[in-house]
Structure formats: structure tokens, C-alpha cells
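Engineer: This is the structure I want to talk about, given as C-alpha cells.
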Amino acid sequence: MNILIKFFTTPSFPDDEEKNLAARTLHVLHLNMFFATLILGTLGVIFIFREKTITGIVVAIGVLTVLGAMILNHRGNVRASGIFLLTALWGVTVFLLYVSGGIRSVDLIFFLTGTVIAGITFGANGAIFYAALSLVTSMGFIVAKNMGVVLPQRFTFPPFSNWMILFINLAFTVFPLKIALETLAESNKRSRASEQRYRLIASVMSDYAFSVYFDEQGNIRDQWIEGAFENITGYSHQEFFERGDWRSIVHPDDIKQDEWDMGQLRQNKRVVTEIRIVRKDGAIRWVRSYGHPLWDKKLNRLAGIYGAVQDITEQKFVEDAYWQSANEMTLLYKLSLALSSGQDLYNELRAFVNELKKVIVVDAFHVGFYEEETGMFTYTLFLNDDDDLNIPPRNLKKTPGLTGEVISTKQTVYVSDIADLQAQTKHHIIIVRDVGMRTYLGIPLILEDKAIGVMSVQSKQANAYSQEQIRMLETIAAQVVITSEKSRLLEQLQKELIERQRLLHEMEVKNAELERFSYTVSHDLKTPLVTIRGFLGFMEKSMLNGDVASFQRDLQRVTKATDRMNQLLKDLLELSRIGRVLNEMKEVPFESLVHVALENVQGRIHEKNASVQVQEKMPIVFVDQPRMIEVLQNLIDNAAKYMGEQKKPEIEIGYEGRDVNNYHLFFVKDNGMGIAPEHHEKIFGLFNKLDIDSEGTGVGLALVKRIVEFHGGRIWVKSEAGFGSTFYFSLPPAESIPAETES
């Protein structure tokens, strides 16, 4: 029962008014057609029509068609429901005409009913389409008859049947038409109420709405205004219309903005703009205008504009005051950051003037400092019209002028017009360089109740600065004083902080290295001890059994393990001495260090049959000579040792100039087996050997790294497996070696 009730209830789609209206109309039509077809069709089958079977089939098809259309309508497929219903109605009409003798049949009236239904459901286009389809179909029956086609006469129409068919068609059309007309009347009523409500609101609101319509030549055809237009512009509607158009009240300086806005509207783009207008009384008002284009799609042109205008004058005043205050606060903040950064005071003030000009008029900006003992005033910064002038010091005891007045009184001096004769007499004005300045503002730089300098701001306009701006500049002057006095202490503090950070970083590195050192030492020294302990047991058994050969083999292994432990201890001792025991630092040609290192590793070079090239004219370096020879010796020995299967081993030692830090950059290059990128950092670690079967303890490159870093440089490698290796290391020039490294 609930399903049936829901099925026969009018569907509702509140989010889409047009769809909701169509669905309601169709639902009434469906109900009328359903009950008319079911009731009258059943009566016709039983009492009126003789052709019971065919009449029953037509009635059944009609009922099922309406039910299907109702289902589609309830599911929201409103358009599909109408199309399905009209298609079925057209098909049934054609069928009835065919079995009823053709165009003379009274069933032809169903075409008219279908046209009315199509108009209600799909509007004028739907009615035209269905009417045209009906006429074409009817013409088809006429043509068929003229061609001799005989249509069957399966239906006979008693007089009462014609009345019943008329009744069915009226039921199909009158009730849906009634619903459509009532809905239209309701929509008109709501529209009139909405328009009246809008007019009432517009009459009391502080803004106004407008619409303008243009003819094909772009001239105003009609315009409408409603709201607070007269309050905003001072013009009545009639006065405004007589003046012409909107541009007649736009401020001259904003005409270009208005033209740009119109250009946007002519491109069918919405515009929101803020411009000034001139009221009837001459006052200037700021307004925000919202313009929406009305577009003529057929002619592809702007047909009109509708929108609204707000008076934002008070808002603009508030915004301007806010931004003025915000700019001043930002300026003070930037100055505070700049002056507290510890940078050069001159450069920071020079950059600061550009920021100051965004807030106030600045044609000249001077900062100078005063030495009380000598009476000399020295200009740290003297800017006139962005020209940085080099003004010589002046003796204020001889020519005090306005600067001397500021220093002696320790008060801000403001002269609204330097050109005024009375002002010149009162203040004993001395013009250092006449560049047309009119307003002078001099602020003393006070430290411990002493005037140590003056900050001066000047303008070519008379009376250029307000009291608020003067107070802001006095705050800036106080910041300049604090910074200038503390700059030396700040610089010293920064140096101490940098040195402390360097020492902390160095301590962290040393601690990390010590931790790695402890682990690797305990691991690598433990291995030979385990070997010795194990083979001593074997030697004891061999001695008891009289196996001299086994005893000697085990003895050799113990000896080899002790030799390895001895070498490890020597390398570790050597590594630990770096930084504590230092030979005398000397200036020495780098080439001489290379030749000594090559002599020390001649055996390895001959063993590998390697070719060695040494670049000429390399620079003189300031180094611990024995330690630097160890660096080169280790790098050259490694280059020869790890040649792999290279048939023509080559080693190159050279100099690449200075790096970005102005350090000397040297290299040792080979064409050996190379090192994969993932091992580039690992190879400089303690006991890190890529080939565990190679000779050595794995301390060599760690030792090299310690020595290079101790000299203030760094070392790194560029290499790929199979393509050789290039070890780069940098050494600072002799003049940059810190003296404390000698301690």
C-alpha cells in the first residue's frame, strides 16, 4: 500500500525548479491518462466496441505505457519520461489510424492531443516538432490511399464511441494544461513580489544597482538605477541621465581605468573595480563598481551591463590610515633588523632611505657624527636626490648652522621653510649645498645625555612633515644611536660566537672520531690476538707430538700476526700524534715535496711499471714539510697499488689553481681500477679497506685526511669503478694560516 501511495504521489525535485514543474505536469498527465485509459477503455471493451480483442490490446498497451512513463518520471528522468510517452502515443495513433480506415478515422484527434502534451512538456519547440511529425504522418496516409493502398477497416465507431474518444483526449490535455497555467500564474506572482521586495530594499540600502542597454551602434538605449544613487553622486536620476553616461562623473585621473574596465566588459568579462567619482558638489568619493556583461550571442557583442555600486570612501580613508601606520611600523621593523644585523652602518642606512621614501617625502637624508674635543662634524651619509655626496668634515665651533643648533640644544629642530628670511635669521642657517630644499628636520643622536651626531631629513616641499612623521623619525634616530655605539661590541661578540661555534664543531667531530677510533681499534687489535692465542695452542700440541714442520708453520703465522699488530700500533700512534706534535711550518715549493714523496715510493712505482707525470711551476706552500710528504706518499702509493689489470699504469700530479675560497687546489690522478661513488666517503674512515686482502692497515687515507684538515684544507675523490681515480686536496695560502695552529 505504501508503495502504491508513493507511486501515485507527485514527484518533487526542489533543487531544480524547471525540472520540478515539468515533473508535476507530467504526473498529472500520467494520472489522467492512466485512469481515463483504464476506466473508459475497459467500458469500451465491455459495452461499446465490438472488436474486443484488438481494443483490449490497445488499452493494455496504453496502461503499460503510462506506468512506464510514471516510473521514469519518479526516478528523475523527466525528459525521458515525456519522450517515451509521446513516442508511444504517436505509435498508438498511427496503429489506430491504420486499422480504422486511415485519415478519416476519428482517432486522428490523438495527433492534436499529442501536440498539446508536447507543448506542455517540452515547450514551443516540442509542440512544433510533434505537430510537424503528425502532419507528415497524416500526409503519409493520404499519399498511400492515393496510390491505391487499401487500409483495413477493423474498427466500427458507434456514435457514443466518438464522444468517448473526445472525452479521453480532453482528459489528456485539459487537466495538465490547467496545472501548467496555474504554475505560470504562481511564478508571475512570485516574480512581482520579488521585484517589489527588491525595490523596497534598494530604496533603503546605502548602495545602488543599475542596468544599461546598448543598441547595435553601442549607444545607450535604456538605463535603470535604483538605490542610494543620489546620496552617493549628488545627482538625481533625471540630472544624471541628462548628463549622458557614467563617464561624465568619473574622476579625470581614473578615466583610463574606466576605459580598461569597459574593454573587459566588451570581452564578456566580469569587472570589479575601485575608482573615484566627482559629486555634484565637487567632492571626490571612492566607489567600488561591480559590472556584469549582458552578451548578445547572435551578434556576438555587448548588449548591456548590470551591476551595483558601493560607496567605499570611508573605508578607503581607514585603509589608507591603516596602511600608512603599517608602512611606518614595517619601516621601523626593517630598520631595526638592518641596524641590528651588524653590517656596515653606511650601507644599511643607504638601503634604508629607499624604504623611507615609500612612507614620507625624502629629497635629502644626512647622518653625521660629532667629536666634542675637536668640534668636527663628519658626515657618514649625505644623500641629495639619490646622489651620494662626499662632504668634507666641518668645524661646528666656527660654522654651527642648523647642525650646530641641534647639537648644542640636544633638541629636534624643525624648520618648515628654509627660504623664509625670518627662519634664516632665527636659526643662523648655513646651506652646505643649495639644491632647492625647503623643509629641514634635524634630530640629535643622543647617547648618555650627549649629542654625538645628527640625523637630518629634508624636502623640496615646504612644511613637508607632520608631527606623527617627526616622532617616527625620532624613533629611527634613537635606533641609529644604539646601533652605532654597539656596532663594535656586536662585531666582537659575533667573532667570539663564530670562534665558539668552530670549537664546538671541532669538538663534536673529535668526539665522533674518538668513538669510531675506539671501536675500530678494539676490533682490529683483537683479530691478531685471537690468531696468536689460537696458534699457540696448535704449537703446544705440535711440540708435544714432535711435529717440527707444523710447529714452524704455526710459528710463522704467529709472527705474521704480531707484525700486523705492531704495524697497527705504529699507524695508530702516528695518527694520534697529528695535531699534538708538529714540525716547523715552512714555505716550500710544492714540486720539491712531490719529488721527495716519489723517491720514497720508487719501489712500488717500479713494481707496477707506472708512468708518473709531475706538473711544473706549482706554487710555494706554507706547510709542515714531513707531514705533507706523508700525504703525497700515501696518495701516490695508493694510486700505484690499486692499478688493477691496467696494462699502462699512469699517475699524474698537478695543480688546478685556486678554488672559490682562494685556496690552492692540488690533485693526484691515476687510470687504475677506480672507486664506486658509494665508497667515496667510506675510504677516508679509519681501517676502512675496500679490498680486505690488500696489504696495509687501512689507516693511510685517514692519516692523509687528518693532515690536510690540520693544515686548514680538505680532501675528496672523484672516481667511478673501472675509470681511475682523482684525489683532490686544498691548502690555504700562506697568509691565511692562523697563528694559533702553531701552538
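The values are calculated or read from the model by the stated rules, or taken from the named source; none is laboratory data. The structure presented is a predicted model; accordingly, all values stated were derived computationally and were not measured. For neighbour counting, all protein chains shown are included, and Cβ atoms are generated from backbone atoms with ideal geometry for every residue, glycine included. Surface areas here come from the heavy atoms of the whole protein model, side chains and all, with no ligands, DNA or RNA. Shrake-Rupley method; radii C 1.70, N 1.55, O 1.52, S 1.80 Å.
Engineer: Show SER456, SER592 ordered by accessible area, largest first, where the area counts protein heavy atoms only and the probe is 1.4 Å. Mind dumping the intermediate values first?
Structural biologist: Working: SER456 5, SER592 45 Å².
Most to least solvent-accessible, the answer reads SER592, SER456.
Engineer: Using the beta-carbon distance between ASN354 and ASN268 and R0 = 41 Å, what value does 1/(1 + (r/R0)^6) give for FRET efficiency, to the nearest 0.05? Present the calculation step by step, with values, prior to reporting the outcome.
Structural biologist: On the way: r = 42 Å, r/R0 = 1.03.
The pair ASN354/ASN268 has a calculated efficiency of 0.45.
Engineer: In nanometres, what is the gap between the two model label sites at LEU38 and LYS560, each 7 Å from Cα along Cα-to-Cβ?
Structural biologist: If labels sit at LEU38 and LYS560, their model points lie 10.8 nm apart.
Engineer: Where in region 258-283 does the amide nitrogen come within less than 19 Å of the point 7 Å from the Cα of ARG247, taken along Cα to Cβ?
Structural biologist: Backbone N within reach: 258-269, 271-279.
Engineer: Would you work out what percent of the accessible area of region 356-434, with all protein chains in place, is carbon or sulfur (probe 1.4 Å)? Could you put the intermediate results ahead of the total?
Structural biologist: Working: 2170 of 4420 Å².
Its accessible area is 49 percent carbon and sulfur atoms.
Engineer: While we're here: Can you tell me the relative contact order of region 1-148? Whole percent, Cα pairs under 8 Å, sequence separation 6 or more.
Structural biologist: Working: 122 pairs, mean separation 25.5, N = 148.
Answer for region 1-148 is 17 percent.
Engineer: For region 94-99, just list the computed ³J(HN,Hα) in residue order, Karplus coefficients 6.51, -1.76 and 1.60, θ = phi - 60°, integers in Hz, with x standing in for Gly and Pro.
Structural biologist: With coefficients 6.51, -1.76 and 1.60, one gets 4, 5, 5, 5, 5, 8 Hz.
Engineer: Quickly work out the ASP15-to-HIS680 label distance, labels modelled 7 Å from Cα along the C-beta direction, and quote it in nm with one decimal.
Structural biologist: The two pseudo-label positions are separated by 5.9 nm.
Engineer: At 0.36 nm per residue, minus the direct Cα-Cα distance, what do GLN461 and SER416 gain on full extension? Give it in nm, one decimal, please.
Structural biologist: Going from the current span to full extension adds 15.3 nm.
Engineer: OK, next. May I ask you to list the lysines whose Cα is less than 21 Å away from that of LYS189, ignoring any residue fewer than eight positions away on the same chain?
Structural biologist: Straight-line reach from LYS189, under 21 Å: LYS19, LYS178.
Engineer: Pull out a ≥ b ≥ c, the square roots of the eigenvalues of the alpha-carbon gyration tensor of region 1-121, then state rounded if a/c is under 1.5, prolate if not and a/b is larger than b/c, and oblate in the remaining case.
Structural biologist: Numbers: a/c = 2.82, a/b = 1.62, b/c = 1.73.
Oblate.
Engineer: Please work out the FRET efficiency for the pair THR475 and MET1, using the Cβ-Cβ distance as r and a Förster radius of 51 Å; give the result to the nearest 0.05. Don't jump to the answer; show the numbers that get you there.
Structural biologist: Values: r = 85 Å, r/R0 = 1.67.
Result of the calculation: an efficiency of 0.05.
Engineer: Students often get this wrong, so check it: of LYS647/LYS718; LYS398/LYS450; LYS358/LYS495; LYS560/LYS641; LYS357/LYS398; LYS280/LYS460, which have C-alpha atoms separated by over 26 Å? Walk me through the intermediate numbers first.
Structural biologist: Details: LYS647/LYS718 22 Å; LYS398/LYS450 20 Å; LYS358/LYS495 35 Å; LYS560/LYS641 21 Å; LYS357/LYS398 33 Å; LYS280/LYS460 35 Å.
Check vs 26 Å cut-off fails for LYS358/LYS495; LYS357/LYS398; LYS280/LYS460.
Engineer: When only Cα pairs under 8 Å and 6 or more residues apart are kept, what is the percent relative contact order across region 367-478? Don't skip to the answer; put the middle values down first.
Structural biologist: Numbers: 186 pairs, mean separation 26.9, N = 112.
Once normalised by length, the contact order is 24 percent.
Engineer: Applying 1/(1 + (r/R0)^6) with R0 = 22 Å to the Cβ-Cβ distance of LEU67 and LYS178, what FRET efficiency is obtained, to the nearest 0.05? Before the final figure, lay out the partial values.
Structural biologist: Working: r = 23 Å, r/R0 = 1.05.
With R0 = 22 Å, the Cβ-Cβ based efficiency is 0.45.
Engineer: Give the distance, in whole Å, between the Cα centre of region 113-153 and the Cα centre of region 272-295.
Structural biologist: The distance from the Cα centre of region 113-153 to that of region 272-295 comes to 58 Å.
Engineer: Each residue of region 139-153 in turn: what ³J(HN,Hα) in whole Hz from Karplus with 6.51, -1.76, 1.60 and θ = phi - 60°, glycine and Pro shown as x?
Structural biologist: These are the phi-based 3J(HN,Hα) values: 4, x, 5, 5, 4, 4, 5, 5, 7, x, 6, 9, 8, x, 10 Hz.
Engineer: Once a ≥ b ≥ c are taken as the square roots of the eigenvalues of the Cα gyration tensor of region 353-435, is the result rounded (a/c under 1.5), prolate (a/b larger than b/c) or oblate (a/b not larger than b/c)? Intermediate values should be presented prior to the final figure.
Structural biologist: Values: a/c = 1.72, a/b = 1.18, b/c = 1.46.
Because a/c hits 1.5 or more and a/b fails to exceed b/c, region 353-435 counts as oblate.
Engineer: What order do you get for 621-628, 241-248, 56-63, 414-421 when each peptide is scored by the mean count of other beta carbon atoms within 10 Å, highest first? Don't skip to the answer; put the middle values down first.
Structural biologist: Values: 621-628: 20.0, 241-248: 13.0, 56-63: 16.9, 414-421: 15.2.
Ranking the peptides 621-628, 241-248, 56-63, 414-421 by packing returns 621-628, 56-63, 414-421, 241-248.
Engineer: State, to one decimal in nm, how far the label point of ILE498 lies from the label point of ASN395, with both points 7 Å from Cα in the Cβ direction.
Structural biologist: Using points 7 Å along Cα→Cβ, the separation is 4.1 nm.
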